[in-house]
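Written out below as structure tokens is the structure these notes cover.
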Amino acid sequence: MKIVVKVGGSAIVQGLDAQRFKDYADVIKQLADEDHTILIVIGGGTPARDYINVSKQLGANNSILDYIGIGVSRLNARLLISALGDIAYPEPPYDYQEAGLAMYSGKVVVMGGVVPGQTTDAVAAILAEYVHADLLIRTTSVDGVFTADPKFDPKATKIDTMSPQELVDMVTKIEMTAGANNIFDPLGAQIVKRSRIPTVVVNGKQPKNLIKAVKGEPIGTIIKG
Ligand code: UTP
């Protein structure tokens, strides 16, 4: 299978712990050993938010803040590339075409953000569309997509399956500010919808959830239709 994984900053970068990168690398190696083609898009996480906050105080505009987020996500990509060693393509591509070509090396491709005005969710969705991925996995800090934010609403329940249109309806009103934390980037949701990319949203705190999602186990929120 050709799989694009968006590894959220919250899943891997929190506290900048080398062990988290090793844990993810182990799972990615296992999937690559099973002959899956893997492309990873990694987010900015708390380091990106820290940089964005300081830059905001210094008067940077939104596009500049976005470029800072992109820069940090690319640094995070380099950390995961280091953890993957020889099985990784050595440089994070700058765009989708470069990533598509890098994929033909047979190595695991790891990249970060691309252009201002979006998040790495959109990057992952567009990359999945561009390379004709069979599956897009989006990791998050909770167990999937919920009816409301479970961190604030105790009545929120997890949605097991939803259509791309339902995802679009849920995220359309999201405001795109640098470093914002959302269930899914609205542009990413539109891309999932237009190309009907089979997508699973899973909790990224357990990297093994990637394996479960690839096996088709009922985990997280499955977006299809
Ligand atoms: P993300 O918001 O995608 O990082 O990128 P994240 O930490 O993985 O988010 P979670 O974990 O999914 O919540 C960090 C910031 O980088 C900029 C945006 O400002 C974004 O908020 N960015 C990223 C871009 O401007 N363009 C991109 O293509 C990617």
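Just so you know, all these numbers are worked out from the coordinates, no wet-lab data involved. As the structure is a computational prediction, the values presented were derived from the model and not from experiment. Positions of Cβ are generated from backbone atoms using ideal geometry, with glycine treated the same way; all protein chains shown enter the neighbour counts.
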Over segment 39-54, the set of residues under 21 Å from residue 8 (Cβ atoms) and either among the hydroxyl-bearing types (Ser, Thr, Tyr) or assigned to a helix (DSSP H, G or I) (or both) is 45, 46, 47, 48, 49, 50, 51, 52, 53
Output the residue which, of all residues in segment 118-137 that are among the acidic types (Asp, Glu) and either part of a loop (DSSP other than H, G, I, E, B) or surrounded by fewer than 20 Cβ atoms within 10 Å (Cβ to Cβ) (or both), is farthest from the ligand (Cβ to nearest atom). 134
Are any residues in segment 26-59 closer than 13 Å to residue 77 by Cβ and surrounded by fewer than 22 Cβ atoms within 10 Å (Cβ to Cβ), and if so, which ones? 47
Consider residue 219 against the criteria (1) touching an Asp or Glu at 6+ places or on another chain (Cβ under 6 Å); (2) surrounded by 20 or more Cβ atoms within 10 Å (Cβ to Cβ): it satisfies all of them except one. Which criterion is unmet? (1)
Those residues of segment 62-83 which are under 16 Å from residue 11 (Cβ atoms), touching a strand residue (DSSP E or B) at 6+ places or on another chain (Cβ under 7 Å) and not small (Gly, Ala, Ser) amount to 76, 80
Quick one: what pairs do we get from segment 1-23, first residue farther than 16 Å from residue 212 by Cβ, second among the charged types (D, E, K, R) and more than 14 Å from the ligand (Cβ to nearest atom), C-beta under 6 Å, 6+ apart or different chains? 2/134
So is residue 188 within 14 Å of the ligand (Cβ to nearest atom) and either of a type in the set (Ser, Thr, Tyr) or not in a loop (DSSP other than H, G, I, E, B) (or both) or not? yes
Of all residues in segment 25-46, how many are touching a strand residue (DSSP E or B) at 6+ places or on another chain (Cβ under 8 Å), under 19 Å from residue 141 (Cα atoms) and more than 13 Å from the ligand (Cβ to nearest atom)? 1
Are any residues in segment 138-168 assigned to a helix (DSSP H, G or I), surrounded by 15 or more Cβ atoms within 10 Å (Cβ to Cβ) and either free of Cβ contacts under 8 Å to residues at least 24 places away in the same chain or more than 15 Å from the ligand (Cβ to nearest atom) (or both), and if so, which ones? 164, 166, 168
Of all the residues that make up segment 60-84, how many are in contact (Cβ under 8 Å) with a residue 60 or more places away in the chain and either of a type in the set (Asp, Glu) or surrounded by fewer than 17 Cβ atoms within 10 Å (Cβ to Cβ) (or both)? 3
